[in-house]
Amino acid sequence: MGIRASLTVISRETFDECVQGGEPDLKGDSYFIDKAWHDFYDVFKSKGDPLCRVITGDFLHPGHAVTFEEFCEGEELYVGFMSPELVQRIAAVLTNLSHAQLQTWYEEENVGGYDIEFSLFESLKAAYMQASQSGDAVLISIC
């Protein structure tokens, strides 16, 4: 299972081309969330839709169709997408999520600690805010 993660904002057109089997350039603004992806996943998975998909997304990369579950069982790489529609829904929730609330959730789930100053949470949030404002998608890669 991979250790470090990053989120990359990609255009709607790039997202559409990729999920239809094309091989577009997946470059865009990237936001590093390092090892905190695991804490985010552990906390958000129990919070229902859309937060439960902050890390897993709603589409797999067609060229690397490893599910998140397979990744957690030992695959080395996870590549997923958050569609522009999912990005909008996630961003709407993250906008109002405070550090205090996230800390409470960390304590309830008995996780956290890697992102003590919430800088990686702010990076996660920034990726979704940027993508939401421009109607774009987000690519996650964990390796």
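Read-outs: derived from the displayed coordinates by stated rules, not from any lab. Treat the numbers as computed from the prediction; the structure is a model and nothing was measured. A quick note on method: Cβ atoms are made from the backbone with ideal geometry, for glycine too, and the neighbour counts reach across all protein chains shown.
For the reader, a short list of remarks on this structure follows.
- Working note: Debye formula, equal point scatterers on the alpha-carbon atoms of the stretch 1-48, no solvent; log10 I(q)/I(0) at q = 0.14, 0.27, 0.33 Å⁻¹ is -0.50, -0.91, -1.05.
- Look at where the Cα atoms of the stretch 65-107 and of the stretch 17-50 average out, and the two centres are 6 Å apart.
- Ranked by how many other beta carbons lie within 10 Å on average, peptides 78-84, 90-96, 20-26 from highest: 78-84, 90-96, 20-26
- Charge dipole (debye, nearest 20) of the chain; +1 at Cβ of Lys and Arg, -1 at Cβ of Asp and Glu: 320 debye
- Principal-axis tilt of helix 119-134 within the chain, Cα atoms, nearest 10 degrees: 40 degrees
- HN-Hα J in Hz across the stretch 27-39 - Karplus 6.51, -1.76, 1.60, θ = phi - 60°, x for Gly and Pro: 7, x, 5, 10, 10, 7, 10, 6, 7, 5, 3, 5, 4
- The chain - percent relative contact order, Cα under 8 Å, separation 6 or more: 39 percent
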